[in-house]
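The values are calculated or read from the model by the stated rules, or taken from the named source; none is laboratory data. Just so we're clear, the structure is a prediction, and the values are computed from it rather than from any experiment. Heads up, the Cβs are rebuilt from the backbone with ideal geometry, glycines too, and the neighbour counts pull from every protein chain shown. Just so you know, the surface numbers come from the protein's heavy atoms only, side chains and all, with ligands and any DNA or RNA stripped out. Shrake-Rupley method; radii C 1.70, N 1.55, O 1.52, S 1.80 Å.
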Amino acid sequence: MKIDNKIMLLLILFLMNCSSIKSTFNKGLESDKKSVLVIKKLNLDNNQSIIYFTETFDNNLQIEVNKKIIYNKKIETIEQLGYAGSCVIENDKDVIITIDYKKQFKLNSEELPKYKFIYIEKEGKNYKVEYTNTVKSFL
C-alpha cells in the first residue's frame, strides 16, 4: 500500500510539472504613460482587456466569452513584428481560448480585471500567458 501511495504522489507531481501553459503576473498595477495612451486610443472600458497573440502562431484560434464565440479565425505570426493578432475581451467573465479545435485553456475572471494587457506566446507545444498593465511594442 505504501508503494502505491508513493507512485500516485510521483504521478501527480509529474503531471503538474508537465503543464503546457505557464502564467506570469506582472504585479505592478500602475500603467505607464504609453500604456494609458494605448488604453485611451483603444477606448477600453474598465471591464475590458486586450489579448495579444505573439510568437510562433500559425493556428486556428477561437475565443469564447460567456458561451459566445467572439473571435474565430486563423492567425499567423508576422516574424518581423512578433505579432499574430489581438482581441478585446470582457475581463469580468471567464475567457475560453481554443487552439486548432484541440488545445483549450481558460483565462479566469478573478485575475483578468486586474490587468489590461494579456500576452500569449507559443513555444512549441507550450504556451506562456503574461498578465500585465504595461503595453509592449512589437517593433
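Remarks
- ³J(HN,Hα) computed for each position of the range 107-112 - Karplus, 6.51 cos²θ - 1.76 cosθ + 1.60, integer Hz, glycine/proline x: 9, 7, 5, 6, 8, 3
- Near Phe117, once Lys and Arg are set to +1 and Asp and Glu to -1 for all other residues with Cβ below 12 Å from its Cβ, the sum equals +2.
- In terms of its C-alpha gyration tensor, the range 88-139 has an oblate overall shape, because the principal axis ratio a/c (a ≥ b ≥ c, square roots of the eigenvalues) is not below 1.5 and a/b does not outweigh b/c.
- Across the range 73-89, rounded Karplus estimates of 3J(HN,Hα) from the backbone phi angles (6.51 cos²θ - 1.76 cosθ + 1.60, θ = phi - 60°) give 6, 7, 10, 9, 5, 7, 4, 5, 9, x, 10, 10, x, 8, 7, 7, 10 Hz, Gly and Pro being marked x.
- Net charge, Ala84 excluded, C-beta distance under 14 Å - Lys, Arg +1, Asp, Glu -1: -2
- For the range 45-94: rounded, prolate or oblate by the Cα gyration tensor [a/c cutoff 1.5]: oblate
- Among the listed pairs Lys74/Lys103; Lys33/Lys125; Lys34/Lys125; Lys34/Lys102, those beyond 25 Å (Cα-Cα): Lys33/Lys125; Lys34/Lys125; Lys34/Lys102
- For Ser86, the residues whose modelled amide H falls within less than 5 Å of its own, excluding neighbours fewer than 5 places apart on the same chain, are Phe53.
- In terms of packing, defined here as the mean over residues of other Cβ atoms within 10 angstrom, the peptides 102-110, 44-52, 82-90 line up highest first as 82-90, 44-52, 102-110.
- Net charge over other residues, Cβ less than 15 angstrom from the Cβ of Lys40 (K, R count +1; D, E count -1): +2
- Taking the protein heavy atoms of the range 61-139 in the context of the full set of protein chains, the accessible area attributed to carbon and sulfur is 45 percent at 1.4 Å.
- For the range 49-55, 3J(HN,Hα) per residue [Karplus equation, 6.51 cos²θ - 1.76 cosθ + 1.60, θ = phi - 60°, Hz, x = Gly/Pro]: 9, 10, 9, 10, 9, 10, 5
- Protection proxy ranking, peptides 111-120, 68-77, average beta carbon neighbours within 10 Å, highest first: 111-120, 68-77
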